[in-house]
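**Student:** Provided herewith is a single structure, encoded as structure tokens, for subsequent inquiry.
The values are calculated or read from the model by the stated rules, or taken from the named source; none is laboratory data. Keep in mind the model is a prediction, meaning the values are calculated, not measured. Note that each Cβ is placed from the backbone with ideal geometry, even for glycine, and that neighbours are counted across all protein chains shown.
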Amino acid sequence: MEFITDIITSPNIPSSFIYSNNVVELLLRFILNLAVTVFVINYVYFKATGKRSYVFTYIMISTTVFFLCFLLGSIELQLGFALGLFAIFGIIRYRTDTIPIREMTYLFLVITISVINALTRGEVSFGEIAFTNFAFMATTWIMERVWMKRHLARRTIVYDRLDLIHPSKHKELIEDLEIRTGMVVIKFNIGQIDLAKRSIKLIVFYKEESTPNILTDAELSGNNS
């Protein structure tokens, strides 16, 4: 207690105790890291998927990894330290729930961005760091907003209208699927036909952005694994 009182009352407090170049560098790097993470997660991932459950997790992991790497960056094992983080998060994978491959990709993305922003020093200029962050932002935006818009999601459903499986009535079948599910169906394949139960399995290909709340086959298999 006396030590704290002496620091507060002493007129000769070293300026480095409050202000230093490291503090300024920490602040600038943190602002850059947070801005890039918020853009990637909130303005790309969330707008593309509509899934709010991972937004908090991604931002907090990014912040945690950044400060952990920056404050321990003086250790001469930056590369091993960074690879160790990837190994830890790869093994844990939030064992309570299996993360779908898309969400796992974003997890590694935010970790990568945070590690780069925290550990790249020495000969790497701030301009190179800024360009790298811009490249991550641009690539993610292009993949989600341009490339993935042309991607068709797949969902297997059990269908009860055997009278519409005839080739001459496929247009009516698609219209019935769109009315009952809300999906924008592009095409479908007919799978197993059960005449006894009067049902068939349809593999439906649809535009995912039209119904983001419907899980695809890949997401369902990831949740069940």
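**Student:** Looking only at residues in the stretch 96-122 that are modelled with pLDDT under 80 and within 16 Å of Ile41 (Cβ to Cβ), which one is surrounded by the fewest Cβ atoms within 10 Å (Cβ to Cβ)?
**Tutor:** This residue is Ile99.
**Student:** Select, from Ala118, Ala138, the only residue that is under 30 Å from Leu71 (Cα atoms) and touching a residue at least 60 places away in the same chain (Cβ under 8 Å).
**Tutor:** Only one candidate qualifies: Ala118.
**Student:** If you check Thr64 against the conditions, is it in contact with a Pro (Cβ under 7 Å, 6 or more places away or on another chain), modelled with pLDDT of 55 or more and either in the same structural domain as Ala130 (by TED's automatic domain parsing) or among the small types (Gly, Ala, Ser) (or both)?
**Tutor:** So Thr64 fails the test.
**Student:** Looking only at the stretch 140-199, which residues are of a type in the set (D, E, K, R), under 27 Å from Arg102 (Cα atoms) and outside any helix (DSSP H, G or I)?
**Tutor:** Answer for the stretch 140-199, where residues must be of a type in the set (D, E, K, R), under 27 Å from Arg102 (Cα atoms) and outside any helix (DSSP H, G or I): Arg154, Arg155, Lys187.
**Student:** Kindly indicate whether Ala82 is within 30 Å of Val23 (Cα to Cα), surrounded by 12 or more Cβ atoms within 10 Å (Cβ to Cβ), at pLDDT 85 or above and not aromatic (Phe, Trp, Tyr).
**Tutor:** For Ala82, the condition - within 30 Å of Val23 (Cα to Cα), surrounded by 12 or more Cβ atoms within 10 Å (Cβ to Cβ), at pLDDT 85 or above and not aromatic (Phe, Trp, Tyr) - is not met.
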